[in-house]
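K.L.:
One structure, pasted below without further comment.
The values are calculated or read from the model by the stated rules, or taken from the named source; none is laboratory data. Predicted model only: the values in this text are computed from it and were never measured. For neighbour counting, all protein chains shown are included, and Cβ atoms are generated from backbone atoms with ideal geometry for every residue, glycine included. The area values use the complete protein model at the heavy-atom level, side chains included, leaving out ligands, DNA and RNA. Shrake-Rupley method; radii C 1.70, N 1.55, O 1.52, S 1.80 Å.
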Amino acid sequence: MDVVCLHAEFFKDNGFVLNQSQLLFEKVFPHGKQVIFVHFVEGTTESYLEYHLGIRINAVEDLINKYIPTLNNYTDQSLTLVQTPDKLGDSYAKKTILTDEVELSDVIISYENFFLDTGFNWLDQMIDPIVLEQEFLHHKKNPFEACNLVESAFRSTALSRLYNPKDYPILRQSFLERINCDEMTPFTIASFLQFLNYLDKPVLVEA
């Protein structure tokens with residue numbers, strides 16, 4: 001909490017509010033929110049600091065929650081896309097190893113510069129559902145959530161169907177070709193096919 005609060009004024013000045021119950025910073029929009037996680041892990045000899053940038057599109061998360069078998073009970077906190085600084089530029093590390101408090105101060109300044117130079121701009125672009133949908137489309141062969149193809153499949157198809165229907169058949173087919181991988185159990189496959197059946201309807205209606 002102490003380390004997270006070192007950023008409080010900086011993020012507040014840029015429109016983000018500290019959510020103390022979840023230890024994250026968020027900026028809320030009518031259709032979703034931007035989220036920044038600050039992870040500080042303290043060890044006996046060294047510690048590390050890691051940041052995640054997240055985007056939530058409410059309509060997407062509300063829609064997939066009716067079908068995806070992995071969300072469980074955290075729908076209100078689920079995010080449509082999460083990225084780390086290293087994915088937004090070659091000069092940024094995924095996490096930084098720390099050995100003393102002086103180094104911590106320097107790293108915090110460095111990451112605040114990252115947000116001013118790159119991070120806030122990326123978040124502002126991705127909060128637009130159409131821009132976010134295009135980002136998913138460009139990564140259809142190498143989904144963002146490489147460790148969770150299931151969530152990428154649901155979110156990609158939902159985004160395209162809701163915000164850019166002309167891309168929907170492309171993403172639909174791309175994920176259909178991959179559903180027999182090890183990550184998708186028979187139950188998950190059935191859930192995804194049921195979800196696609198719903199998305200295929202000419203007019204989407206509230207379930």
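K.L.:
What is the Cα centroid distance between region 36-82 and region 149-207, reported in whole angstrom?
P.N.:
When both Cα centres are located, 21 Å separates them.
K.L.:
Still on this structure, please answer the following. List the GluC sites (Glu not before Pro) within region 1-84 that DSSP assigns to loop and that have no more than 16 neighbouring Cβ atoms inside 10 Å. Walk me through the numbers before you get to the answer.
P.N.:
Details: sites: Glu9, Glu26, Glu42, Glu46, Glu50, Glu61; in loops: Glu46.
Passing both the DSSP loop test and the Cβ count: Glu46.
K.L.:
Let me ask another. Please list Lys27, Lys94, Lys12 from largest to smallest accessible area, probe radius 1.4 Å, with all protein chains kept in place.
P.N.:
Lys12, Lys94, Lys27
K.L.:
Quick check: at a probe of 1.4 Å, how many percent of the accessible area of the chain sits on carbon and sulfur atoms?
P.N.:
51
K.L.:
Given an 8 Å cut-off on Cα distances and at least 6 residues of separation, report the relative contact order of the chain as a percent. It would help to have the intermediate numbers written out before the result.
P.N.:
Details: 243 pairs, mean separation 33.1, N = 207.
It comes to 16 percent, rounded to a whole number.
K.L.:
Report the net charge of residues surrounding Ile36, where surrounding means a beta-carbon distance below 9 angstrom and charges are Lys +1, Arg +1, Asp -1, Glu -1.
P.N.:
Numbers: positive: Lys27; negative: Glu26.
Result for the neighbourhood of Ile36: 0.
K.L.:
Let me ask something else about it. Shape verdict for region 130-200, please, from the Cα gyration tensor: rounded (a/c under 1.5), prolate (a/b greater than b/c) or oblate.
P.N.:
oblate
K.L.:
Exactly which chymotrypsin sites (Phe, Trp or Tyr not before Pro) in region 25-131 are in a DSSP loop and have at most 12 other Cβ atoms within 10 Å? Present the calculation step by step, with values, prior to reporting the outcome.
P.N.:
On the way: sites: Phe25, Phe37, Phe40, Tyr48, Tyr51, Tyr67, Tyr74, Tyr92, Tyr111, Phe114, Phe115, Phe120, Trp122; in loops: Tyr67, Tyr74, Tyr92.
Within region 25-131, the qualifying chymotrypsin sites (Phe, Trp or Tyr not before Pro) (loop, at most 12 other Cβ atoms within 10 Å) are Tyr74.
K.L.:
Which semi-axes, in whole Å and largest first, does the equivalent ellipsoid of region 72-174 have when worked out from the alpha carbon gyration tensor as the square roots of 5 times its eigenvalues?
P.N.:
Its equivalent ellipsoid spans semi-axes of 31, 15, 13 Å.
K.L.:
Next question, about the same structure. Can you sort Thr44, Thr118 by solvent-accessible area, 1.4 Å probe, largest first? Each step should come with its number before you reach the end.
P.N.:
Numbers: Thr44 145, Thr118 30 Å².
From most accessible down to least: Thr44, Thr118.
K.L.:
Then there is this: How large is the accessible surface per residue of the chain, computed with a 1.4 Å probe and reported in Å² as a whole number?
P.N.:
Normalised by residue count, the accessible surface of the chain is 52 Å².
K.L.:
If ligands, DNA and RNA are left out, what is the accessible area of Met1 with a 1.4 Å probe, given in Å² to the nearest 10?
P.N.:
100
K.L.:
Filter the chain for me: DSSP H helices, axial length by Cα at least 18 angstrom, mean Kyte-Doolittle hydropathy not below 0.0. List them by residue number. Present the calculation step by step, with values, prior to reporting the outcome.
P.N.:
Working: long enough: 101-114 (20 Å, 0.26); 149-163 (21 Å, 0.34); 186-199 (20 Å, 1.05).
Span-like helices here: 101-114, 149-163, 186-199.
K.L.:
Let me ask something additional. Over 27 Å between C-alpha atoms is what I'm after, so list which of Lys12/Lys95; Lys87/Lys140; Lys12/Lys87; Lys33/Lys94; Lys66/Lys87; Lys12/Lys94 land there.
P.N.:
Lys66/Lys87
K.L.:
Next up: In whole Hz and in residue order, list the ³J(HN,Hα) couplings for region 83-89 that follow from phi through the Karplus curve 6.51 cos²θ - 1.76 cosθ + 1.60, θ = phi - 60°; x for Gly and Pro.
P.N.:
10, 10, x, 5, 7, 10, x
K.L.:
Still on this model: Could you give the dipole magnitude of the chain about its Cα centre, charging the beta-carbon of Lys and Arg +1 and that of Asp and Glu -1, in debye to the nearest 20?
P.N.:
Magnitude of the dipole: close to 1180 debye.
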